[in-house]
Amino acid sequence: MSVAPSPRTLGQPAIQLDGVHKWYGEFHVLKNLSLTVAQGERIVICGPSGSGKSTMIRCINRLEEHQKGKIIVNGTELTTDLKRIEEVRREVGMVFQHFNLFPHLTILENCTLAPIWVRKMAKKDAEDLAMKYLKRVRIPEQANKYPGQLSGGQQQRVAIARSLCMNPKVMLFDEPTSALDPEMVKEVLDTMVSLANEGMTMMCVTHEMGFARQVADRVIFMDAGEIVEMNAPAEFFANPQHERTKLFLGQILH
Amino acid sequence: MSDLTIGSRTYLQREKNPALPPPRLTSGPLAWVRQNLFSSIGSSVLTFLFLALALWIIPSLIDFAFVKAVWSGDAATCRANLDGACWAFIRDKFDYLRYGSYPIDQRWRVDVTEVVGAVLIFWLLWNGAPRRNVAALLFFIVYPILAFVLLRGAPLIGLPVIDTSLWGGVLITLLMSVIGIVFSLPLGVLLALGRRSQMPIVKAACVTFIEFVRGVPFITVLFMANFMLPLFVPDYLTPDRLLRPMIGTALFSAAYMAEVVRAGLQAMPKGQYEGAMALGIGYWPMMRLVVLPQALTTVIPGIVSTFIGLFKDTTLVAIVGIADFLRTVETARLDPSWAGPTISPTGYLFAASFYWVFCFGMSRYSQRTERRLSKGRKH
């Protein structure tokens, strides 16, 4: 369980943030964020609510717009150019706190929608692909049900499969287990761990510290829109440096 | 047996509680009556009050419309019987009410158009019918051309041109409503999307149109379409006198439809947009595949209300001189050869039944659609 990830050779930069700032009106939410995530790297981001964790990862696929600085994803810089934004989004999967499945479509249709309409895949091929990933998240038997008929944990696994169907280079997770009943957290975390073990580049906002210990290459602690501390998980949990980090870990690890 | 008594501090379940049927008198017809009609003194009083009201109205209506009605005969028979409706009058005027002044030997063209239209609409609306996409193609592309050629005429293939001033009756009412319904929904969707657009000019244009149209009475729109349009547009570009109120009707309902659709769009959780955008789905596919199917489903009652309103508003085209169904009833009613005290009530009863059947049909169909769509799709 708590085996430290073996040192791996990391690839080219997948995500680069360079002096990123963002404001909501007058409110400065992201302050001078700089960070490079290599291909195959797993980053866990934690911090108190309102610290800008979600906002940061939502900037990476442009669900939120940054106003200053540079964000480069897979070599494409995010600007106001809609073509580029969609190009980035095709290569970056995202899993949300509230799943955001499409309730009027079956599980299978949820998974094939983007491959068919964005990748222009044939319906049959898209369905085969979707079934492959539904098997991976261990719910192929639910393919013809609607999202409302599934439990929260199953819905979140569908959401992961739906993202994987686009064959993304990077996966973003925005508090994927926060809306789940306690009994269902594990099944989603297991899916995420197996994804990590296959070398997926991941950025994950979560408070599941066990998950961070198990798979993260680096843990980032954010507060008030800034990166306060970053370290390898063993060191981060055993030896937090910043006062704010210590206080936070003291609150969540009893 | 339960061990959860005061004082005992531990409990362990030894056997599961079996699922039992509900106690008697919480289900069944008798329980239903007690719960819904006689649950309190006030409720019982209301029940009897409405029962009395129904007993007072319904028998006399049935008496007038069926029991004492004159089913065949002429004006004299009707004048002799003052207690019942004069259906002989409707029978005599039936063709006029259906076709207006459309030439008698050409009326088969109207019949063909109506039958083909009815078949296609049925095919389109019947859920589970085979090849509904073919039906859509036929109805939206082929049928309008067919209907135009048949109704108006094409001398090339031997169909004499029938001027639109001769069209009338049910034909006009159905034509106006079908065209209004078919155009107002897509137009309303576009206006609603435009109103929520980030682009300031598009947004301003849509808001202006919607607020302007909703700010004037329908009759004003009809007058403008009929009398003002020809003043601004050169003669050869002026649309036909029947087309003008049709455009007016479609645009008028589109403005109302836009607001109904906007309500549906606003009810959509932000996560649906984000889920689609995060997959790289562009604006139009996102709207068409993710947002609109859900948004329109939630506002089906509003959409159908607008359709029903439109259907009944077509009666107002009589003001600009078009002989719609109600107008033909009016004309028939004033025919001196049929003059009699029961003629007007009969005519109006007939007209009311006609409108009611169509409106109620729309309403029922929408209820069924709602039920079908809500199955298994709860959030």
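The values are calculated or read from the model by the stated rules, or taken from the named source; none is laboratory data. On a predicted model such as this, the values are computed, not experimentally measured, just so you know. Positions of Cβ are backbone-derived with ideal geometry, glycine not excepted, and every protein chain shown enters the neighbour counts. Ligands, DNA and RNA are excluded from the accessible area calculation, which covers all protein heavy atoms including side chains. Shrake-Rupley method; radii C 1.70, N 1.55, O 1.52, S 1.80 Å.
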Look through A:124, A:120 and report the one residue that is assigned to a loop (DSSP other than H, G, I, E, B) and without any contact (Cβ under 8 Å) to a residue 40 or more places away in the chain.
A:120
Quick one: how many residues across segment B:307-347 are open to solvent by 20 Å² or more (accessible area, probe 1.4 Å) and under 19 Å from residue B:187 (Cβ atoms)?
4
Within segment A:48-96, how many residues turn out to be open to solvent by less than 60 Å² (accessible area, probe 1.4 Å) and assigned to a loop (DSSP other than H, G, I, E, B)?
12
Could you list, in sequence order, the residues of segment B:155-193 that are more than 25 Å from the chain's Cα centre (by Cα) and either open to solvent by less than 40 Å² (accessible area, probe 1.4 Å) or over 30 Å from residue B:113 (Cβ atoms) (or both)?
B:159, B:162
Please state which of the following conditions residue B:84 fails to meet, knowing it meets all the rest: (1) among the small types (Gly, Ala, Ser); (2) part of a helix (DSSP H, G or I); (3) open to solvent by less than 50 Å² (accessible area, probe 1.4 Å).
(2)
So if I check each of A:71, A:107, A:43, which one is more than 14 Å from every other protein chain (Cβ to nearest Cβ), touching a residue at least 40 places away in the same chain (Cβ under 8 Å) and touching a helix residue (DSSP H, G or I) at 6+ places or on another chain (Cβ under 7 Å)?
A:71
Can you pull out the residues in segment B:206-240 that are open to solvent by less than 80 Å² (accessible area, probe 1.4 Å) and among the polar types (S, T, N, Q)?
B:220, B:226, B:238
So residue B:169 fits all but one of (1) small (Gly, Ala, Ser); (2) without any contact (Cβ under 8 Å) to a residue 40 or more places away in the chain; (3) in contact with a strand residue (DSSP E or B) (Cβ under 7 Å, 6 or more places away or on another chain); what number is the exception?
(2)
Sort out which residues of segment B:192-222 are closer than 16 Å to residue B:313 by Cβ and β-branched (Val, Ile, Thr), and write them in order of number.
B:213, B:216, B:219, B:220, B:221
If residue B:267 satisfies all but one of (1) of a type in the set (A, V, I, L, M); (2) away from chain A (no Cβ under 14 Å); (3) closer than 30 Å to residue B:361 by Cα; (4) surrounded by fewer than 19 Cβ atoms within 10 Å (Cβ to Cβ), what's the number of the condition it fails?
(2)
Does residue A:76 satisfy the condition of being modelled with pLDDT under 95 and within 14 Å of another protein chain (Cβ to nearest Cβ)?
yes
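Quick check: anything in segment B:64-78 among the aliphatic types (A, V, I, L, M), over 26 Å from residue B:330 (Cβ atoms) and surrounded by 13 or more Cβ atoms within 10 Å (Cβ to Cβ)? Show your work before the answer.
Keep residues of segment B:64-78 that are among the aliphatic types (A, V, I, L, M), which gives B:65, B:67, B:69-70, B:75-76.
Cutting the leftovers down to over 26 Å from residue B:330 (Cβ atoms) gives us B:67.
Narrowing the set further to residues that are surrounded by 13 or more Cβ atoms within 10 Å (Cβ to Cβ) leaves none.
The answer is no, given that none of the residues of segment B:64-78 is among the aliphatic types (A, V, I, L, M), over 26 Å from residue B:330 (Cβ atoms) and surrounded by 13 or more Cβ atoms within 10 Å (Cβ to Cβ).
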